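The values are calculated or read from the model by the stated rules, or taken from the named source; none is laboratory data. Remember, predicted model here, so these are calculated numbers, not experimental data. We place every Cβ from the backbone using ideal geometry, glycine too, and count neighbours over all the protein chains shown. Remember, those area values only see protein heavy atoms, side chains included, never the ligands or the DNA or RNA. Shrake-Rupley method; radii C 1.70, N 1.55, O 1.52, S 1.80 Å.
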Amino acid sequence: MELILDNLTKSFGSFTAVDHISLTMSKGVYGLLGVNGAGKTTLMRMLCTLLKPTGGSISCNGKDIFQMDGEYRNLLGYLPQDFGFYPEFSVKDYLLYIAAIKGLRPAIARKRTKDLIAKVGLTRAENKKMKQLSGGMKRRAGIAQAMLNDPKILILDEPTAGLDPNERIRFRNLVSSLSEERLVLLSTHIVSDIEYIANEIWMMKDGRIVTRGSLEEIIAAMPEKVWLCHVPQREVSLLQKRYRVANIKSLQQVAELRAISAGKPCEDAILTAPTLEDVFLYYFGEMGGDENAAI
């Protein structure tokens with residue numbers, strides 16, 4: 001399975017949401033990381049054939065996905081950021097209903113529904129109404145509906161939005177277990193969602209991919225360094241105006257800052273290993289001074 005994005009572009013009037021993106025995907029987990037408004041959802045919707053590109057193309061195994069029509073959609077599972085459901089349906093009835101819409105034969109639909117309810121950990125809640133589920137349970141039901149047709153391509157748009165840390169961990173583990181024999185593209189603005197499960201990470205800003213690669217490659221390619229600084233509390237605001245500061249920890253009379261800078265931000269600064277969160281801050285964070293725009 002191979003998806004190729006070639007010079008893909010989507011404009012809405014004078015605004016370009018996706019700006020000449022070229023990427024290749026095969027089996028594995030791909031993490032699309034960026035702040036809200038970066039163009040992630042527009043890209044996802046084009047990959048799901050819900051939007052047509054202004055320019056460029058998307059091909060699946062050498063065929064244009066829009067010309068493939070139903071043949072492509074049979075390969076596809078999609079969990080949008082806000083997926084619709086019937087609140088009075090039970091989990092099981094909801095999945096059977098979606099299976100019918102997808103054209104699954106009744107016997108296959110029942111088996112897939114039973115298997116997926118178990119896989120996403122909803123066996124005890126299968127007869128609960130959808131409206132009675134917690135946010136995490138609803139997202140698990142959402143990924144189950146996306147998996148009903150056993151898709152070779154699974155697209156998840158902000159799947160952990162609004163979930164607590166435990167549910168996010170559960171969801172990441174579930175996604176990882178589903179990725180063995182398929183292509184998974186996961187869009188998020190939460191670094192921890194993809195830090196440990198993505199084979200390749202793409203950082204998207206203003207419609208463009210600003211950096212890409214494995215976790216190790218992205219961290220190694222970070223243009224600036226990360227420093228630990230211990231400064232008096234009165235100097236914290238000054239450093240925040242001059243540098244990107246990832247963390248501030250108060251230690252009695254002094255503060256420990258994690259600052260991003262090409263050179264030493266203070267005299268006794270100690271070089272430390274960067275993380276994906278540091279890279280995210282470098283590309284998407286804001287510097288404190290009024291004269292500085294968003295990075």
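Taking L185, L76, L133 as the candidate residues, the one with maximal mean-square fluctuation in a Gaussian network model of the chain, Cα springs under 10 Å, is L133.
For F15, F284, the ranking by accessible surface with the largest value first comes to F15, F284, using a 1.4 Å probe. When all protein chains stay in place and ligands, DNA and RNA are ignored, the 1.4 Å accessible-area order of Y30, Y86, largest first, is Y86, Y30. Bridges between two residues of the chain, per DSSP, are antiparallel at a rate of about 65%. Ignoring lysines fewer than eight residues from K138 along the same chain, the ones with Cα atoms less than 28 angstrom from its Cα are K27, K40, K92, K102, K111, K114, K119, K128, K129, K152. Solvent-accessible area of R73, all protein chains in place: 100 Å² (probe radius 1.4 Å, heavy atoms, ligands and nucleic acids excluded).
Among A246, A125, A262, the largest mean-square fluctuation in a Gaussian network model of the chain (Cα springs under 10 Å) belongs to A262. Rolling a 1.4 Å probe over the protein heavy atoms of region 181-295, with every protein chain left in place, gives an accessible area that is 47 percent carbon and sulfur.
The fraction of accessible area contributed by carbon and sulfur in region 1-155 is 50 percent, rounded to a whole number (1.4 Å probe; ligands and nucleic acids excluded).
Toward the positive end of the charge dipole of the chain, with +1 on the Cβ of Lys and Arg and -1 on the Cβ of Asp and Glu, the farthest Cα among Y283, G263, L3 is that of L3. Here the 3J(HN,Hα) profile of region 134-141, calculated from phi with Karplus coefficients 6.51, -1.76 and 1.60 at θ = phi - 60°, is 6, x, x, 5, 4, 5, 5, 5 Hz, Gly and Pro shown as x. Each part gets one Cα centre, and for region 68-139 versus region 221-273 those centres are 48 Å apart. Computed over protein heavy atoms with a 1.4 Å probe, the accessible surface of the chain works out to 49 Å² per residue. Computed with every protein chain present, the accessible area of S177 is close to 50 Å² [probe 1.4 Å]. Subtracting the Cα-Cα distance of Q240 and Q253 from their residue separation scaled by 0.36 nm leaves 2.9 nm. Relative to the longest principal axis of the Cα atoms of the chain, the long axis of helix 91-101 lies at roughly 70 degrees. Ordered from highest to lowest accessible area with the whole protein assembly present and a 1.4 Å probe, I194, I98, I248, I4 read as I248, I4, I98, I194.
Between the amide H of N247 and those of R258, distances stay under 5 Å, these residues lying 5 or more places away or on another chain, with hydrogens modeled in the peptide plane.
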